[in-house]
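First comes the structure, then the notes that go with it.
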Amino acid sequence: MIPPGFPGAIDTPAIKAIQRFDKKAALDMLKGTPFEGGKNWPKITLSMRDEALGAKPLAEAVQAVLLENLNMKTELEVLEPRVFRERLWKQDLQFVWIRWFMDYPDPHNEYFDTFYGKKTTGRRQAWVNDAFDKELEAGRDTRDAAKRMAHYAKAEEIMQTDGGYVPVAWVVRYGAAKPWVKGVEKNKRGEFVVEGNIYLDMLQHLYITEKG
């Protein structure tokens with residue numbers, strides 16, 4: 001869930017191998033089912049909210065991969081954001097594509113706020129795993145940074161092994177400014193922050209310096 005460079009990012013061969021692309025393994029798992037060989041699929045609808053930021057092309061890429069490798073045809077349903085959220089909270093969607101922005105750079109936001117199984121409202125998925133929830137609770141309740149990251153790493157392993165989600169891509173946003181443009185916000189690490197934060201008006205302090 002966590003991109004490189006952020007607290008809790010995992011870059012180990014063991015984690016990467018859990019959901020590696022393997023067409024043969026996928027087809028083998030269908031043996032003995034009505035869908036063996038990529039046949040007899042029911043109607044499958046992939047639902048997403050209407051938004052920009054490259055979300056739709058990525059959803060279409062997911063569709064293409066499923067069709068090419070599993071002969072699974074899906075219909076893409078693009079919903080108005082309010083309708084999408086209402087149906088998502090009700091667990092009323094068959095197959096969901098979600099683009100997620102980190103609200104703050106901590107694993108708690110990536111795991112607890114999105115996948116914790118004991119949430120009573122705002123749950124994004126029907127998947128629940130008690131072992132996963134316990135790791136999140138342990139990570140939430142300790143102040144030891146190393147122990148926290150270890151708990152969240154275990155949570156990621158559990159979630160991927162159990163198929164709680166399928167990671168697809170990290171979207172990287174870029175911005176550029178002339179050297180005479182000043183006032184661009186920086187984070188606590190001294191890095192420039194690209195305009196577009198979903199909670200702040202980040203352009204109110206910009207100004208242009210005079211040349212010479």
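Taking the Cα centre of the range 1-91 as origin and assigning +1 to Lys and Arg Cβ atoms and -1 to Asp and Glu Cβ atoms, the resulting dipole is close to 220 debye.
Here is the list for the range 133-196: chymotrypsin sites (Phe, Trp or Tyr not before Pro) lying in DSSP coil, each with at most 16 other C-beta atoms within 10 angstrom of its C-beta, are W170, Y174, W180. Within the range 18-91, the chymotrypsin sites (Phe, Trp or Tyr not before Pro) that combine a DSSP coil assignment with at most 10 other C-beta atoms in a 10 angstrom radius are F21.
For the residue pairs K56/K90; K16/K154; K43/K73; K16/K147; K90/K119; K16/K119, the C-alpha atoms sit more than 18 angstrom apart in K56/K90; K16/K147; K16/K119.
Given Cβ point charges of +1 (Lys, Arg) and -1 (Asp, Glu) and nothing else, what value in debye, to the nearest 20, does the dipole of the chain about its Cα centre take?
The calculated dipole for the chain is roughly 140 debye.
Couplings 3J(HN,Hα) for the range 134-148, derived from phi with the Karplus relation 6.51 cos²θ - 1.76 cosθ + 1.60 (θ = phi - 60°), are 5, 5, 5, 5, 5, x, 5, 9, 10, 9, 6, 4, 5, 5, 4 Hz, where x marks Gly and Pro.
For the range 71-200, the calculated P(r), taken from all Cα-Cα distances in 10 Å bins from zero up to the bin holding the longest distance, is 10, 32, 32, 20, 7, 0 percent.
A short reminder: the numbers here are calculations on the coordinates, not readings from a lab. Keep in mind that what you see is a predicted model, and the values were worked out from it rather than measured. Neighbour counts are summed over all protein chains in view; Cβ atoms, including those assigned to glycine, are modelled from backbone coordinates with ideal geometry.
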